[in-house]
Amino acid sequence: MHESKDGSGQDDSGTLEAIIDTVRYPLREPRSAAWDEVVGAARAELGRDGCCVLPGFIRPDLLEELRTEGVALAPHAYYRVERVNAYNIPLDADLPPDHPGRIVLERGNAFVARDLIPPGALIQILYGSPLFRRFLADCFELPALHEFADPLAGLCLNVVSPGMSHPWHFDTNEFTVSMLTQSPDDGGIFEYCPGIRSPRAEHLDDVRAVLTGAGDELIRRLELRPGDLQLFQGRFSLHRVSPVAGDRQRHTAIFAYNERPGVIGTAERTRQLFGRVLPDHLAAAGRSVRGDRLLD
C-alpha cells in the first residue's frame, strides 16, 4: 500500500509519480507540450466515439499490487442478482408495449463501496489526487472536476464473477473514468454503442435493436488491459460488460467525479448498488437535478 505525506489519501506529485507512468502521462506538467499532446489525443478519441483508452497508465511494476488489492477487496462487494432494464428505472414504469425499457435484463455484477477501500490503496490515492482530476477535466474539456461527494459511490470496485455480466445500460453521469485491475480468464468484453442517443432524442428503435440482438452493427468491442485508464461518455452510449467465463473474476475500479461539488447519489440507487444507505443519502433526497430529460 502507498500513502501520501500527510496520510490523508490526498497525494503529492511524488506519490503520483510513483504510481503513474509520468513520462508517458505528464500529470505534473500541465499545459506543457507533452501534456497538450496527450490531452489533445484523448479529446480527439472522445470526440470520435465517446471513448478513450490511455494504455499503460499505471506503472507496469505496480500491476500485480493493483490486482492483489482488488482481490482482497472483492469479498466485501455487495452481491445481489437483480432484474433491471437498460435505463435502471422501475420495471413496472408506465411505458408503451414496444419500449426498450420493457426488456428485462439480469444484472449480476457487484460493488465494493468507497468506505471499504483502504486510504493507502492505489485506486484511493489516484482518485483523491488533484493533479489527476485536473488532467481528467482537461481531457473532457471541462473547467474543473470534483470528487463525487457520495461516501459510497465516489470510488468503487466493480466485480463481475464467472457466469455473470454487467448488462446493457446507460450511465446517469455524462462521463465515466475507470480502470481494469484484473482480467477474467475469458469473456468480460466491454461493448458499447457510441452516441446511440443524444440529449434531445432517445432513439428507441436503435436501443431496442441492440437489446434484442438485431443491432450488432451499432456495437463496438474493446478488450481492456489492467492498468489502462478508460474515459467514457456513458450517458449517451449504451454499454455493457459481456458475460465472464473461466475461474477468475473481472475487477474494475470506477472513479466518479462531477462538474459540481457536493453531489450525492439517490437513496434508491445507492441501496440497489450497495445494499445500504447513509444519512448523507437521506439528507440529499430531492436535490438531484438532471441536465437533460432522458430516461435514467
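Note on Glu268 and Ala18: with the Förster distance fixed at 25 Å, the Cβ-Cβ geometry gives a FRET efficiency of about 0.05.
So if R0 is 25 Å, what FRET efficiency would Ala214 and Leu91 give, r being the distance between their Cβ atoms, rounded to the nearest 0.05?
On the way: r = 22 Å, r/R0 = 0.88.
Rounded to the nearest 0.05, the efficiency is 0.70.
Considering only C-alpha atoms, what is the centroid distance from the stretch 119-193 to the stretch 45-118, in Å? Here the two parts' Cα centres lie 8 Å apart.
Restricting to Cα pairs below 8 Å that are 6+ residues apart, what does the relative contact order work out to for the stretch 17-120? Please round to a whole percent.
Working: 82 pairs, mean separation 23.2, N = 104.
Relative contact order here is 22 percent.
If I stretch the segment between Asp61 and Glu141 completely, what's the gain in nm (0.36 nm per residue apart, minus their alpha carbon distance), one decimal? Spell out each step's value before the answer.
Values: separation 80, 0.36 × 80 = 28.80 nm, distance 3.10 nm.
Length difference between fully extended and current span is 25.7 nm.
What's the exposure ranking of Ile264, Ile219, going from fewest to most Cβ atoms within 10 Å? Walk me through the intermediate numbers first.
Numbers: Ile264 23, Ile219 17.
Result, fewest neighbours first: Ile219, Ile264.
In whole percents, the pair-distance distribution calculated for the stretch 1-150 from its alpha-carbon pairs, binned every 5 Å from zero, is 1, 8, 13, 14, 16, 15, 13, 9, 6, 3, 1, 0.
Out of the stretch 179-223, which trypsin sites (Lys or Arg not before Pro) are coil in DSSP terms and have no more than 11 other C-beta atoms within 10 Å? Show your work: numbers first, answer last.
On the way: sites: Arg197, Arg200, Arg208, Arg220, Arg221; in loops: Arg197, Arg200.
Here the trypsin sites (Lys or Arg not before Pro) that fit, given the DSSP loop and packing criteria, are Arg200.
Among the trypsin sites (Lys or Arg not before Pro) in the stretch 16-60, those located in a DSSP loop and surrounded by at most 10 other Cβ atoms within 10 Å of their own Cβ are Arg31.
Determine the calculated [θ] at 222 nm for the chain from helices alone, applying -39500 (n - 2.57) to every DSSP H run no shorter than 4 residues and normalising by the residue count; nearest 500 deg cm²/dmol. Walk me through the numbers on the way to the answer.
Details: 8 runs with 72 residues, N = 296.
It comes out at -7000 deg cm²/dmol, rounded to the nearest 500.
Among His239, His76, His281, sorting on how many other beta-carbon atoms sit within 10 Å of each Cβ, with the fewest leading, yields His76, His281, His239. Among Asp185, Asp216, a tally of other beta-carbon atoms within 10 Å of each Cβ gives an order, fewest to most, of Asp216, Asp185.
Only Cα sites of the stretch 155-296 enter the Debye sum here, all with the same form factor; the resulting log10 I(q)/I(0) across q = 0.16 1/Å is -0.98, listed in q order.
Across the chain, the mean sequence separation of Cα contacts (distance under 8 Å, 6 or more residues apart), normalised by length, yields a relative contact order of 24 percent.
With q set to 0.06 Å⁻¹, the log10 of I(q)/I(0) for the chain, from the Debye formula over equal scatterers at the Cα positions, is -0.18. Of the GluC sites (Glu not before Pro) in the stretch 75-173, the ones in a loop by DSSP (not H, G, I, E or B) with at most 15 other beta carbons within 10 Å are Glu141. Once the Cβ-Cβ distance of Tyr79 and Arg28 is raised to the sixth power relative to R0 = 45 Å, the FRET efficiency obtained is 0.70. For Ser129, the residues whose modelled amide H falls within less than 5 Å of its own, excluding neighbours fewer than 5 places apart on the same chain, are Asp11.
Could you calculate the contour length gain from Glu37 to Asp49, that is, 0.36 nm times the residue separation minus the distance between their Cα atoms, to one decimal place in nm? Let's see the in-between values first.
Numbers: separation 12, 0.36 × 12 = 4.32 nm, distance 1.89 nm.
Gain in length upon complete extension: 2.4 nm.
Values quoted throughout were computed directly from the atomic coordinates according to the rules given, and no laboratory measurement underlies them. None of these values were measured; they are calculated from a predicted model. Heads up, the Cβs are rebuilt from the backbone with ideal geometry, glycines too, and the neighbour counts pull from every protein chain shown.
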